[in-house]
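S.K.: Before I ask anything, let me first share the structure, which is written out below as structure tokens.
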Amino acid sequence: MKKYLIALVVVIGSIAYVVTQHGSAAADNGTLAVPVIGQDASGTANTSGITIVDTPSTPTPVASTPTPTPAPTPTKVPVATPTPVVTPPKKTTSGAYVDGTYVGSVTDAYYGSMQVEAVISGGRLSTVKVLQYPSDRRTSVEINQQALPMLITEAVSAQSANIDAISGASASSPAFIQSLSSALAKAKA
């Protein structure tokens, strides 16, 4: 059984080799080489198991090797030296805002007024100062002492006034955001 299997693999391999080697040359002259298994060129049976390919009677033309052309000689192309463009220094460095201090609008925080000041440094929001907040009631003072530092931290981290309100500071949070939004609008580059 092994002998037949090996013989089959050899025959299939031979067919593949003959087709790839002779098929392209025969196709050049308009004929197709067809492998004939088990027969020789005269048509008689071949018992050796060797594949014989029936090739066309006309010789295959041999392609001539083209004469290599010399490589072109490189020529020097003059390159213009770029002249530096001098631009005046800008106030912004690499951020979305112009450096400076910007005061936001006074907004209603229900129990009083809220106003903040945005400090821009290096084109970024560096800190927020609270100029005024509701402070005439003890509860308002307690709420704002806890909520305002958190609002400032969030705003600096977000580099905008697009922040979440603080739970328990339902009047101060929107007023802070609104005042900071107006300050940052003035600071836009």
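S.K.: How about segment 150-177: which of its residues are under 14 Å from SER126 (Cα atoms) and in a helix (DSSP H, G or I)?
M.R.: Result: LEU151, ILE152, THR153, GLU154, ALA155, VAL156, SER157, ALA158.
S.K.: Still on this structure: Out of the residues in segment 117-151 meeting the condition of being more than 18 Å from ALA96 (Cβ to Cβ) and of a type in the set (Val, Ile, Thr), tell me which one is surrounded by the most Cβ atoms within 10 Å (Cβ to Cβ).
M.R.: If we take residues in segment 117-151 being more than 18 Å from ALA96 (Cβ to Cβ) and of a type in the set (Val, Ile, Thr), then ILE143 is surrounded by the most Cβ atoms within 10 Å (Cβ to Cβ).
S.K.: Quick one: would you say TYR102 is among the aromatic types (Phe, Trp, Tyr) and part of a loop (DSSP other than H, G, I, E, B)?
M.R.: Against the criterion (among the aromatic types (Phe, Trp, Tyr) and part of a loop (DSSP other than H, G, I, E, B)), TYR102 does not qualify.
Every number here is computed from the coordinates shown, using simple stated rules; none is lab data. Keep in mind the model is a prediction, meaning the values are calculated, not measured. Every residue, glycine as well, gets a Cβ built from its backbone with ideal geometry; the counts of neighbours run over all protein chains shown.
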